[in-house]
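Novice: Following this message is one structure expressed as structure tokens.
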């Protein structure tokens, strides 16, 4: 009998004939959100620098946490005993966890973001000790102890964490490997997907739903095989993962090579991608949700997303903001964007005060949530091209 | 003609015959607060880790900022051009600035707190280059450039910063010097007080009010002279400063030696002191306001003020909180104290996540504001002894 997700739904409400983008409603046990939407990274069970109240004030709909980090600290058993991730971190809205694959196969914290975008040069993953059909063994970045992660344990851990949506365990294939490696890796991830589904079903209580992940690197024929595989299995959603290419054009080819062969009735998540320009490009190809660490990571480095500026951002550490008495963007309707001058935020960064990061984190989240609201309105109105011109500096 | 403070008032509403403590209303152009009260340190124009909204949620009445830090970064001229401290940092309630003396004469950032409490061993202030009747020259901790600070410039800078209440410039006499040095230092601070008043009066527009500072180290005869001096001049308020002794008993003697000779109609501020036990001890001696960096400094080190525990605090990094699913203190009525378990905060510190510091900072501020509310009620009801037994672990 097929896996059922009675407490989940994805209803496509409108597809814009002009742009190709779609509007959906994604229902989870912790609420229904509209898509396209942005999932903010709460890696270690906290969106860095922002309280749950401030997330809500910024009109955040959904966040994610990372299995890899949480299994090491504080451990999935503890999160389960504390009542699950929602209760543990004080977030009562929809939530997603990744499977840990991305981090396990990364070259070290944070650098996989370059690898999936083809920016890394070689493969020298010292924390990954072995990888084979059963799963993988890696060294904890905290204390160096050996940790084994398999499709079964990654599934069980995500069940303990208790997020609404979760990801199958996969090998996040790097960019620089050859097509043969990518093909074998993808095939193993497909077998791992089946093992995840079997393990998931053993404890399935209706509170969670799993996404399959399309792999296949930058090879259209492999992407098609992987997409057809996910469509043929009882995943609730479809994620696009793995190496996405070295250029914007390759990244677009990866999505164009994947989604036409995925189940069109399922929600589509694009793993790890979320600059302003990406939102506009990929909603047109059918992506429903995005996630990326950049809203809070850029904030920690003094950088704010802005509407209609070159490169999408400004850096408040720049001396030109020293006496700029204007707020970041009053249209965001959130205190971080309205109540502080750029001169004050500039001062906070010069003075190494954490409030600067806190303000920019909430601002970046609020402006992305506002962008997603405007994107949804524009898809309904057929005005996505016009909205893109307003937001991106060309 | 005497200096007038038409927009300021201090009304003593009740003095408890049993404890000796008093209840007052302190009126400033930015609002009226009840005393006894706690002034939270926003050293560099930010209370570390807490937004103005979170300060208000924690029922904060009044904060302070530091002249020394702000004159170096971003500079008093810039703060003035940005509309003054209130507007610059987004705080519209009463505010105080210190004169910079405390930091200038300190042995380096933070260590003067030990010096005034007599815990430091020697005097090796490398940043202070010279000190004489005119003022002092010190090296900027930011870029090493030489900065001169005089009674006149410290007054003018505080007028540019624009806080409601501010402090005369004084030499914050260290602990280890002999009585002769302390006496000469105190006498110079008295002459500096007169120069501050003269400079203040030149630009006095009714928006600010100045406190004189009682010096004299641990010597009762000197404290008396200094207190009588402040009472004889047109200061709005009285502050107790300088070396306060090496023990709780010496600190108490300093206050007992000072306040009987101060003007009893003026508000009394105790500079840099603010543990829970200090509040109970010194409101009985007539102190109206306290300030200390510890609420936010302890927060950054994982430490929370708690009611009725040994040592007044708990450290959330301690392993005993790993699975403690209880909140910090639901009676504080603020999200930081109510919405997160100790286990979650423990995790945040183990994971080096800044949200842990943010939560504890708001908690520590909220619990101190609650303590001050309860102290005021207890003074009115004549039940301060009972309240002290509830709060302090004996």
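The values are calculated or read from the model by the stated rules, or taken from the named source; none is laboratory data. Computed from a predicted model, the values in this text were never measured in an experiment. All Cβ positions, glycine included, derive from the backbone under ideal geometry; neighbour counts span all protein chains shown.
Novice: Got a number for residues in the stretch B:34-43 being more than 14 Å from chain A (Cβ to nearest Cβ) and not in a loop (DSSP other than H, G, I, E, B)?
Specialist: Qualifying residue count for the region: 5.
Novice: Does residue B:36 satisfy the condition of being assigned by TED's automatic domain parsing to the domain that holds residue B:142, at pLDDT 95 or above, closer than 23 Å to residue B:263 by Cβ and surrounded by 21 or more Cβ atoms within 10 Å (Cβ to Cβ)?
Specialist: yes
Novice: For the stretch B:325-337, which residues satisfy the criterion of being within 10 Å of chain A (Cβ to nearest Cβ) and either under 19 Å from residue A:358 (Cα atoms) or free of Cβ contacts under 8 Å to residues at least 12 places away in the same chain (or both)?
Specialist: Within the stretch B:325-337, B:335, B:336 meet the criteria.
Novice: Identify all residues within the stretch A:71-104 that are closer than 17 Å to residue A:155 by Cβ, more than 10 Å from chain B (Cβ to nearest Cβ) and not in a helix (DSSP H, G or I); write none if there are none.
Specialist: Correct list: A:84, A:95, A:96, A:97, A:98, A:99, A:100.
Novice: Does residue B:354 satisfy being within 14 Å of chain A (Cβ to nearest Cβ), within 27 Å of residue B:52 (Cβ to Cβ), in contact (Cβ under 8 Å) with a residue 60 or more places away in the chain and surrounded by fewer than 24 Cβ atoms within 10 Å (Cβ to Cβ)?
Specialist: yes
Novice: Restricting the search to the stretch B:197-209, which residues are under 21 Å from residue B:133 (Cβ atoms) and free of Cβ contacts under 8 Å to residues at least 60 places away in the same chain?
Specialist: B:198, B:199, B:202
Novice: Could you list, in sequence order, the residues of the stretch A:204-228 that are over 20 Å from the mean Cα position of the chain (by Cα) and over 17 Å from residue A:193 (Cβ atoms)?
Specialist: Result: A:205, A:206, A:207, A:219, A:220, A:221.
Novice: Does residue B:284 fit the bill of being surrounded by fewer than 19 Cβ atoms within 10 Å (Cβ to Cβ) and at pLDDT 95 or above?
Specialist: no
Novice: Restricting attention to the stretch A:357-394, report how many residues are modelled with pLDDT under 95 and either in contact with a helix residue (DSSP H, G or I) (Cβ under 6 Å, 6 or more places away or on another chain) or over 17 Å from residue A:306 (Cα atoms) (or both).
Specialist: Total satisfying the criteria: 1.
Novice: Please enumerate the residues belonging to the stretch A:355-386 that are more than 25 Å from the chain's Cα centre (by Cα) and closer than 21 Å to residue B:82 by Cβ.
Specialist: A:355
Novice: When you look at residue A:27, is it within 30 Å of residue A:377 (Cβ to Cβ) and free of Cβ contacts under 8 Å to residues at least 40 places away in the same chain, yes or no?
Specialist: Judged against the criteria, residue A:27 is a match.
Novice: Oh, and also: Return only the number of the condition from (1) within 7 Å of chain A (Cβ to nearest Cβ); (2) more than 15 Å from residue B:58 (Cβ to Cβ) that residue B:345 does not satisfy.
Specialist: (1)
Novice: On to the next question. Which residues, counting only those in the stretch B:157-195, are in contact with a strand residue (DSSP E or B) (Cβ under 6 Å, 6 or more places away or on another chain), within 20 Å of residue B:128 (Cβ to Cβ) and part of a loop (DSSP other than H, G, I, E, B)?
Specialist: Of everything in the stretch B:157-195, those that are in contact with a strand residue (DSSP E or B) (Cβ under 6 Å, 6 or more places away or on another chain), within 20 Å of residue B:128 (Cβ to Cβ) and part of a loop (DSSP other than H, G, I, E, B) turn out to be B:168, B:170.
Novice: Now for a separate question. Return the total of residues in the stretch A:108-156 being out of contact with any strand residue (DSSP E or B) (no Cβ under 9 Å at 6 or more places or on another chain), more than 20 Å from residue A:78 (Cβ to Cβ) and modelled with pLDDT of 90 or more.
Specialist: Counting residues in the stretch A:108-156 that are out of contact with any strand residue (DSSP E or B) (no Cβ under 9 Å at 6 or more places or on another chain), more than 20 Å from residue A:78 (Cβ to Cβ) and modelled with pLDDT of 90 or more gives 2.
Novice: What about residue A:67, is it more than 13 Å from chain B (Cβ to nearest Cβ) and touching a strand residue (DSSP E or B) at 6+ places or on another chain (Cβ under 7 Å)?
Specialist: Yes.
Novice: Which ones in the stretch B:144-163 are touching a residue at least 12 places away in the same chain (Cβ under 8 Å) and surrounded by fewer than 24 Cβ atoms within 10 Å (Cβ to Cβ)?
Specialist: B:146, B:147, B:148, B:149, B:150, B:152, B:153, B:156, B:159, B:160, B:162
Novice: Quickly run through the stretch A:5-17 and pick out the residues that are closer than 15 Å to residue A:237 by Cβ and part of a loop (DSSP other than H, G, I, E, B).
Specialist: Listed by number, the residues that qualify are A:5, A:7, A:8.
Novice: State all residues of the stretch A:131-145 that are within 21 Å of residue A:98 (Cβ to Cβ) and assigned to a strand (DSSP E or B); if no residue qualifies, say none.
Specialist: A:131, A:135, A:136, A:137, A:138, A:139, listed by residue number.
Novice: Of all residues in the stretch B:44-64, how many are away from chain A (no Cβ under 14 Å) and in contact with a helix residue (DSSP H, G or I) (Cβ under 7 Å, 6 or more places away or on another chain)?
Specialist: 2
Quick grid of which residues meet (1) crowded, with 24+ Cβ neighbours inside 10 Å; (2) not in a strand (DSSP E or B):
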| residue | (1), (2) |
| --- | --- |
| B:19 | no, yes |
| B:27 | no, no |
| B:32 | no, no |
| B:45 | yes, yes |
| B:48 | no, yes |
| B:69 | no, yes |
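Novice: Still on this structure, I have one more. Quick check on residue A:268: is it at pLDDT 95 or above, within 28 Å of residue A:9 (Cα to Cα) and within 14 Å of another protein chain (Cβ to nearest Cβ)?
Specialist: Spelling it out, it is not the case that residue A:268 is at pLDDT 95 or above, within 28 Å of residue A:9 (Cα to Cα) and within 14 Å of another protein chain (Cβ to nearest Cβ).
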